[in-house]
There are 2 protein chains.
Amino acid sequence: MNASTTEQLLARREKLLGPGNPLFYDHPVHIVRGEGVWLYDTGGRRYLDCYNNVPCVGHCHPYVVDALTRQARTLNTHTRYLHETILDYAERLLATFDRSFERVLFACTGSEANDVALRMARMWSGGEGFICTNATYHGNTTAVSKLSSIFPPFDGFGPNIRMVPWPDSYRALDNLEGEALADAYVSKVAEAVDSFKRAGIKLAGMLICPIFANEGLPVIPSGYLEKAIRLVREAGGLYIADEVQAGFGRTGKMWGHTGQGATPDVVTLGKPMGAGHPISGVVARADVFDHFRNNTMYFNTFGGNPVSCAAGLAVLDVIERENLVANAAATGRYVYEGLQHLKSRHECIGDVRGAGLFFGVDLVSDRERKTPAPDLARHLVNTMREKGVLMGKIGEFDNVLKIRPPLPFSPDNADLLIALLDETLSELTAALKP
Amino acid sequence: MNASTTEQLLARREKLLGPGNPLFYDHPVHIVRGEGVWLYDTGGRRYLDCYNNVPCVGHCHPYVVDALTRQARTLNTHTRYLHETILDYAERLLATFDRSFERVLFACTGSEANDVALRMARMWSGGEGFICTNATYHGNTTAVSKLSSIFPPFDGFGPNIRMVPWPDSYRALDNLEGEALADAYVSKVAEAVDSFKRAGIKLAGMLICPIFANEGLPVIPSGYLEKAIRLVREAGGLYIADEVQAGFGRTGKMWGHTGQGATPDVVTLGKPMGAGHPISGVVARADVFDHFRNNTMYFNTFGGNPVSCAAGLAVLDVIERENLVANAAATGRYVYEGLQHLKSRHECIGDVRGAGLFFGVDLVSDRERKTPAPDLARHLVNTMREKGVLMGKIGEFDNVLKIRPPLPFSPDNADLLIALLDETLSELTAALKP
């Protein structure tokens, strides 16, 4: 596409959608087609998608499109009539969880799911206080935006929120290690709990992404989650795990919270759930869930409709048939090794983190001091886009490459990613040398 | 379908989805297919749909399904890449509005749209107070549920909400009429505005459905809206029109607020927007909209994606090509006359109201005293379901038949509806006689 077209589109966006609509890249891409791990622009140029988790099974997966189409041709209505698809999907979905999760509620967006989860915790606990981290985002409703530390709500976070430092093993608190580090971060949670007590605010719960994705995908100090959640529970609060980013096989296991030593009371689901179709969910313990259901009316017109549930079922089918969780683990390990190799070649890579097919590459201007290099990250992301690879940035310091491709990512795709990253890092660091 | 299957489905619902999931009818229907104005159950029995506004163009309209399928096969991604479909749709949608509406934001549900609209009004006004009616519902997020008087939020409505009586010309306040009646209802809005002033709470706005759909589709006393909104504006608040039910041709004009003497500052859209695909929107004056956009980050992962916008565009196409707004007006008049004829034959019909293809039939046990007859309404809705016609109930007293068929409803469909209503009313009133 030529520059004038980009300018025309930008002008139309500004006029119709107003200011403040985020676009990726200094030179935005105009994507018109997607297939598997590839995206194509108007000029027919293809881009390796190393960013998008929503199309978790690959862009425009024919099996999902067919399921969606078949159901859209047959029936699409709300859930106040009986329908089997919602039940089949609920059963299949719950079967992927620990047995303690017995119920599910369907909505349309991760924001709606978190909005419901907050109310579940408030109703169950009788409290109003929530703990989240100091570098996170959980969604865009009025209530949920209060816990989204990286995009402060216009009217402030309010008295019911305490933000704790996310558990970082790289730029570790007080340069601690091991159990001492975990305990130091746990003590921040203890401080938050105490602060609520002093303020006379009862704790409702702690809402976290179990892999701290927005924070920068840290290696979580061993024992942190178990101890932190114990404190939350002792104070009467619930543990809400926001699996909107971590879920559906992303980390090489179905759910991010599995095997972390702390089972959530409530889990929220979104983004990859319908491979792009707007569906989200809240999965919870029966007692917590039923307390909510019995004490408030919640109905979502589009939530759990036959088309959304058909899309959700198809996504589970494809994940299973194509062994995408195992692929996320295996190809993920391969990418991880490639990134570690890059770290050995490039001083500006301070740390490589991640699990499954979700990576954070922490860029620094000084490896010793671990000084974040957000400008380098921006340059790198933009240069990679020019070379045909799409990725993003995350982290408290905006210096962490966010690499999160669709789950059918192959070793060949990984080779291309690593080779182009290597080349670009060499170019950029050469250009930076005096 | 046989009874045991219904019981099995109900048991599975209870187990998987928990308690408190609303179902229509004493004997719920198990719908498996839809086409035009018809729904079909597992036994192949067909039902005339006189309830569903979401599939506004008719169930499973092939043009909409094709547009959805074509785009789902091609690309479905978020709006941080450039894409023309969102711009084409935004342009087409805004062209259906008064010129004062220049911008649109896309989300997934009417609840999300109203949640954004409330924040727009709070940011623009610097206030926190909202006025709504005493028999309404605007959505399910934590913030929006505070203005949903018919489903009280578990923690109360809070100090920032004032509920005013909806403007009813049938059970009129103090038995007034004409301008005096309008002024009496306006005085309730004035009381709410004053009450906020006394409490030191600045007004943010008034959120209403312009046809007061949940309240029971009243004939709005002439001058009420104009005067009420003037008071709101004088106090610094905005007028938010919730067009989730009234919009997209339902009332025989494209938007419910048109020609009412008060132009909203913000309009919210939902339900019929994508004919079942989860898409919603907020349309507003540029100054109000841009103030929101410039002062807070709002991003909705699924909102405005190419598939949602393709569905939205297809709905606008079908409404235009099939003259559905004109049909809503013309067939609507025909249905209205039929209902008026029923009123002349059946004492239990106290009032017939509505515009376009949205009707409220107010059932009473005493026509003189206008005593609401909710039990009769329930019997009637259930009996009509057994006879193959689906409708619902609304209103402050739960006694108003809610008749709101897909927009391609024909005079033949109307004849069937009226004939079966006539028959059922005769049976039920005969059965009630001593």
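Taking the options B:ILE211, B:ILE229, B:ILE220, name whichever one is closer than 15 Å to B:ASN53 by Cβ, among the β-branched types (Val, Ile, Thr) and in the same structural domain as B:ALA192 (by TED's automatic domain parsing).
The unique qualifying residue is B:ILE211.
All but one of (1) facing chain B (nearest Cβ under 8 Å); (2) surrounded by fewer than 19 Cβ atoms within 10 Å (Cβ to Cβ) hold for A:LEU16, so report the exception by its number.
Unmet condition: (2).
Please go through (1) touching a strand residue (DSSP E or B) at 6+ places or on another chain (Cβ under 6 Å); (2) in the same structural domain as B:PHE106 (by TED's automatic domain parsing) for B:LEU376 and return the number of the only condition it doesn't satisfy.
Unmet condition: (2).
Which is in contact with a Cys (Cβ under 7 Å, 6 or more places away or on another chain), in contact (Cβ under 8 Å) with a residue 12 or more places away in the chain and within 12 Å of A:ALA204 (Cβ to Cβ), of A:LEU147, A:LEU118?
A:LEU147
Among the residues of the stretch B:259-272, write down those that are touching a Gly at 6+ places or on another chain (Cβ under 6 Å) and more than 9 Å from every other protein chain (Cβ to nearest Cβ).
Correct list: B:LEU269 only.
Considering only residues that are part of a loop (DSSP other than H, G, I, E, B) and either under 21 Å from B:THR251 (Cβ atoms) or in contact with a Cys (Cβ under 6 Å, 6 or more places away or on another chain) (or both), which ones fall in the stretch B:15-50?
Result: B:VAL37, B:CYS50.
Scan the stretch A:319-340 and tell me whether some residue there is at pLDDT 95 or above and farther than 22 Å from A:PRO411 by Cα.
Looking through the stretch A:319-340, none of the residues is at pLDDT 95 or above and farther than 22 Å from A:PRO411 by Cα.
So which residues in the stretch A:289-306 are over 17 Å from A:VAL104 (Cβ atoms) and crowded, with 21+ Cβ neighbours inside 10 Å?
Across the stretch A:289-306, the qualifying residue is only A:THR301.
Looking at the stretch A:392-412, which of its residues are over 14 Å from the mean Cα position of the chain (by Cα) and either surrounded by fewer than 24 Cβ atoms within 10 Å (Cβ to Cβ) or in a helix (DSSP H, G or I) (or both)?
A:GLU396, A:PHE397, A:ASP398, A:PRO408, A:SER410, A:PRO411, A:ASP412 - these are the residues of the stretch A:392-412 that are over 14 Å from the mean Cα position of the chain (by Cα) and either surrounded by fewer than 24 Cβ atoms within 10 Å (Cβ to Cβ) or in a helix (DSSP H, G or I) (or both).
Would a scan of the stretch A:241-258 turn up a residue that is under 17 Å from the mean Cα position of the chain (by Cα), of a type in the set (Asp, Glu) and modelled with pLDDT of 95 or more?
yes
Give the residues of the stretch B:384-434 that are under 17 Å from B:ARG46 (Cα atoms) and of a type in the set (S, T, N, Q), sorted by residue number.
B:SER410, B:ASN413 - these are the residues of the stretch B:384-434 that are under 17 Å from B:ARG46 (Cα atoms) and of a type in the set (S, T, N, Q).
For the stretch B:159-168, name all the residues that are within 23 Å of the chain's Cα centre (by Cα), assigned to a loop (DSSP other than H, G, I, E, B) and more than 15 Å from B:SER222 (Cβ to Cβ).
Of everything in the stretch B:159-168, those that are within 23 Å of the chain's Cα centre (by Cα), assigned to a loop (DSSP other than H, G, I, E, B) and more than 15 Å from B:SER222 (Cβ to Cβ) turn out to be B:PRO165, B:TRP166.
Which residues, taken from the stretch B:119-137, are of a type in the set (A, V, I, L, M, F, W, C) and over 15 Å from B:ASN295 (Cβ atoms)?
Result: B:PHE130, B:ILE131, B:CYS132, B:ALA135.
At least 3 residues that are more than 14 Å from every other protein chain (Cβ to nearest Cβ) and over 30 Å from A:GLY276 (Cα atoms) in each: list the helices (runs of 4 or more DSSP H) lying fully within the stretch B:282-376 that qualify.
In the stretch B:282-376, B:324-345 are the helices (runs of 4 or more DSSP H) which contain 3 or more residues that are more than 14 Å from every other protein chain (Cβ to nearest Cβ) and over 30 Å from A:GLY276 (Cα atoms).
Evaluate the stretch A:72-87: report whether one residue or more is charged (D, E, K, R) and within 27 Å of the chain's Cα centre (by Cα).
Within the stretch A:72-87, not a single residue is charged (D, E, K, R) and within 27 Å of the chain's Cα centre (by Cα).
Quick one: would you say A:GLU112 is more than 22 Å from the chain's Cα centre (by Cα), in contact (Cβ under 8 Å) with a residue 40 or more places away in the chain and within 22 Å of A:ASN295 (Cα to Cα)?
no
For B:PHE151, all conditions in the list (1) surrounded by 24 or more Cβ atoms within 10 Å (Cβ to Cβ); (2) within 17 Å of the chain's Cα centre (by Cα) hold save one; what is the number of the exception?
So B:PHE151 meets the others, but not (1).
What is the number of the single condition among (1) at the interface with chain A (Cβ under 7 Å from one of its Cβ atoms); (2) over 19 Å from A:HIS78 (Cβ atoms); (3) among the β-branched types (Val, Ile, Thr) that B:THR5 does not meet?
(1) is the only condition that B:THR5 fails.
Just the residues that are modelled with pLDDT of 90 or more and within 16 Å of A:ASP88 (Cβ to Cβ), please, taken from the stretch B:1-20.
Hits for the stretch B:1-20 are B:GLN8, B:LEU9, B:LEU10, B:ALA11, B:ARG12, B:ARG13, B:GLU14, B:LYS15, B:LEU16, B:LEU17.
Consider A:ALA262 carefully, then state whether it is surrounded by fewer than 24 Cβ atoms within 10 Å (Cβ to Cβ) and either within 30 Å of A:HIS61 (Cβ to Cβ) or in contact with a helix residue (DSSP H, G or I) (Cβ under 8 Å, 6 or more places away or on another chain) (or both).
yes
The values are calculated or read from the model by the stated rules, or taken from the named source; none is laboratory data. As the structure is a prediction and not an experimental result, all values here were calculated from the model. As a convention, Cβ positions derive from the backbone with ideal geometry for all residues, glycine included, and neighbour counts pool all protein chains shown.
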